[in-house]
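One structure below.
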Amino acid sequence: DSGVTQTPKHLITATGQRVTLRCSPRSGDLSVYWYQQSLDQGLQFLIQYYNGEERAKGNILERFSAQQFPDLHSELNLSSLELGDSALYFCASSTGVNEKLFFGSGTQLSVL
Amino acid sequence: DQQVKQNSPSLSVQEGRISILNCDYTNSMFDYFLWYKKYPAEGPTFLISISSIKDKNEDGRFTVFLNKSAKHLSLHIVPSQPGDSAVYFCAASGMNRDDKIIFGKGTRLHILP
């Protein structure tokens with residue numbers, strides 16, 4: 001158990017819908033990262049937060065947004081969903097910035 | 001543009017032999033490298049790391065080698081065990097606070113009995 005909690009584990013929705021993925025980092029970790037894993041695409045970096053502030057941005061679509069709350073949990077919002085958004089979304093946390101990451105078990109999103 | 005490349009999608013190795021997983025990177029600003037292991041239905045777990053000031057780091061059966069001039073690193077597992085069957089991801093980062101941790105696409109390792 002990495003100590004990072006992601007909910008829900010599975011999400012099935014339809015095109016055009018909006019969903020929210022939630023992540024609780026390990027106790028004491030200030031940094032939260034979001035990654036997307038699609039078939040044959042490895043782990044694509046989406047966005048990183050440190051203590052509530054956005055720290056780095058990757059290939060995150062404009063339809064996607066995220067935030068980190070004062071209690072350090074984070075949410076990833078995906079809107080106007082398309083079939084191609086179906087993927088495994090991982091959250092990770094670390095104590096500082098760009099240190100060893102601890103990953104949650106992921107949220108499997110299926111857009112039908 | 002893929003900055004971290006794992007060119008072998010899969011690798012099969014006999015139990016007890018050495019497994020060598022390779023990773024190449026293009027960004028010369030990377031100076032911290034990590035290997036992660038992933039089982040199905042689980043998140044990746046940290047395995048071993050190396051900073052650019054070293055060329056080798058060892059932890060039990062796992063050794064990571066870094067060749068900065070070639071922009072290449074490798075993970076050696078010896079001896080390979082059945083539980084090592086998993087997907088291995090190479091990752092790299094700079095040390096600036098805004099740097100991203102970039103992952104490769106992964107290599108699936110099969111340990112054969």
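The values are calculated or read from the model by the stated rules, or taken from the named source; none is laboratory data. It should be emphasised that the depicted structure is a prediction, and the values quoted were computed from it without experimental measurement. Using ideal geometry, Cβ is built from the backbone for each residue, glycine included, and neighbour counts are taken over all protein chains shown. What goes into the accessible areas is simple: the full protein's heavy atoms, side chains included, and nothing from ligands, DNA or RNA. Shrake-Rupley method; radii C 1.70, N 1.55, O 1.52, S 1.80 Å.
Note that chain B presents 50 Å² accessible area per residue, ligands and nucleic acids not counted, probe 1.4 Å.
Estimated translational diffusion coefficient (Stokes-Einstein, Kirkwood radius over Cα pairs, 20 °C, 1.002 mPa s) of segment A:1-64: 159 µm² per second.
In units of the rule-of-thumb radius 2.2 N^0.38 Å, the protein assembly as shown shows an alpha carbon radius of gyration of 1.01. Residues of segment A:9-46 that bury at least 50 Å² of accessible area when the other protein chains are present, relative to the chain alone (probe 1.4 Å, heavy atoms, ligands and nucleic acids excluded): A:43. What shape does segment B:51-93 have by the C-alpha gyration tensor, where a ≥ b ≥ c are the square roots of the eigenvalues, rounded means a/c under 1.5, and otherwise prolate means a/b greater than b/c and oblate the rest? It comes out prolate by the Cα gyration axes. Pairs exceeding 30 Å between alpha-carbon atoms, taken from A:9/B:54; A:57/B:5; A:100/B:5: A:9/B:54. Candidate cross-link partners of residue B:38 among the aspartates and glutamates, defined by an alpha-carbon separation under 16 Å and a same-chain spacing of 8 or more, comprise A:1, A:40, B:84. Give the shape of segment A:70-112 as rounded, prolate or oblate, defined through the alpha-carbon gyration tensor: a ≥ b ≥ c are the square roots of its eigenvalues, a/c under 1.5 means rounded, and otherwise the shape is prolate if a/b is larger than b/c and oblate if not. Prolate is the answer for segment A:70-112, as a/c is 1.5 or above and a/b outweighs b/c.
Counted over chain B with a bin width of 5 Å, the fraction of Cα pairs per bin, in whole percents, is 2, 13, 24, 25, 20, 10, 5, 1, 0. When the inverse distances between all different Cα atoms of segment B:1-50 are averaged and flipped, the Kirkwood radius reads 13.1 angstrom.
Averaged over its residues, how many other protein chain Cβ atoms are within 10 Å of peptide B:102-111's Cβ atoms? Before the final figure, lay out each step's value.
Numbers: counts 5, 8, 2, 6, 5, 0, 0, 0, 0, 0.
Average per residue, whole number: 3.
Surface composition of the protein assembly as shown: carbon and sulfur atoms hold 47% of the protein heavy-atom accessible area at a 1.4 Å probe.
By how many nm would the segment from residue A:61 to residue A:110 lengthen if fully extended, with 0.36 nm per residue of separation less the alpha-carbon distance? Intermediate results must be reported in sequence, preceding the final value.
Numbers: separation 49, 0.36 × 49 = 17.64 nm, distance 1.73 nm.
The residue A:61-residue A:110 span can extend by a further 15.9 nm.
Using a cutoff of 8 angstrom between alpha carbon atoms and counting only pairs six or more residues apart, the relative contact order for chain B works out to 37 percent.
Database remark: amide H of residue B:17 closer than 5 angstrom to the amide H of B:80 (H placed geometrically; neighbours at sequence offset of 5 or more, or on other chains; Pro and chain starts carry no H).
The percentage of C-alpha pairs in chain A whose separation is greater than 15 Å is 59%. Accessible area lost on pairing A with B, both sides, 1.4 Å probe, Å² to nearest 100? In total, this chain pair buries about 1700 Å².
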